[in-house]
Amino acid sequence: MTKFRPVLFIQGGGAGAHDQWDDKLVDGLRRELGDGYEVRYPRMPDEADPSYARWSAAIRRELATLEDGVVVGHSVGGTILINALAERPPERKPRAIVLIAAPFVGAGGWPGTEFELPPDLGARLPGEVPVHIFHGLEDQTAPPPHADLYARAIPQAQVHRLPGRDHQLGNDLSEVAGVIRHLVSGAVPGHRAVPRAFPLAGGCARR
């Protein structure tokens, strides 16, 4: 019997995000990963108005059934995912954590209303779990400097800055799929990129 490697994908926020935006990311990820992977794509509650309390509870329910899987969060879904993992690490440690175009909530990033990411975020995450951060350099929703903020807060993270890519990474997750395959195989090539400075820009309505 074929054993499928689980990947949990947490959507971004905004009206229609699950069925009209991030579904294209998930379809592309499934296509790039190929056979042998099961990409789970749960619908988050009240996607038009993301709430940390509601979304983190839903994420924890998903994590409780995830066995040796990779967790992926897009946009504000990634922000809530990483904070939930740091606030209360799950009993079942994920194989890896992947953030895609995640806005940083806290000093230098988006202002926090429900929560703010701690400066020692990396130290609070499950131990020895690889963290990969992907960010498009043409992202107008969560500007590229947010990747620098994550790099400082999570020193162990590998940051992948993708030229010419927007908040949806052009609906191309080939680089993400490549990293996931290497993580699952037990060998991750490459090195951590050196943070670069970018001027902060304003966000837009979709998260």
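Brief remarks follow.
- Condition broken by Arg5, with the remaining ones in (1) under 17 Å from Gly178 (Cα atoms); (2) under 16 Å from the mean Cα position of the chain (by Cα); (3) in contact (Cβ under 8 Å) with a residue 24 or more places away in the chain satisfied: (2)
- Number of residues in the range 108-136 that are in a loop (DSSP other than H, G, I, E, B) and either within 26 Å of Ala64 (Cβ to Cβ) or without any contact (Cβ under 8 Å) to a residue 40 or more places away in the chain (or both): the value is 16.
- Residue check for Tyr37: among the aromatic types (Phe, Trp, Tyr) and in contact with a strand residue (DSSP E or B) (Cβ under 8 Å, 6 or more places away or on another chain): yes
- When residues of the range 136-194 are limited to those that are surrounded by fewer than 21 Cβ atoms within 10 Å (Cβ to Cβ) and among the β-branched types (Val, Ile, Thr), the one modelled with the lowest pLDDT: Val194
The values are calculated or read from the model by the stated rules, or taken from the named source; none is laboratory data. The structure presented is a predicted model; accordingly, all values stated were derived computationally and were not measured. All Cβ positions, glycine included, derive from the backbone under ideal geometry; neighbour counts span all protein chains shown.
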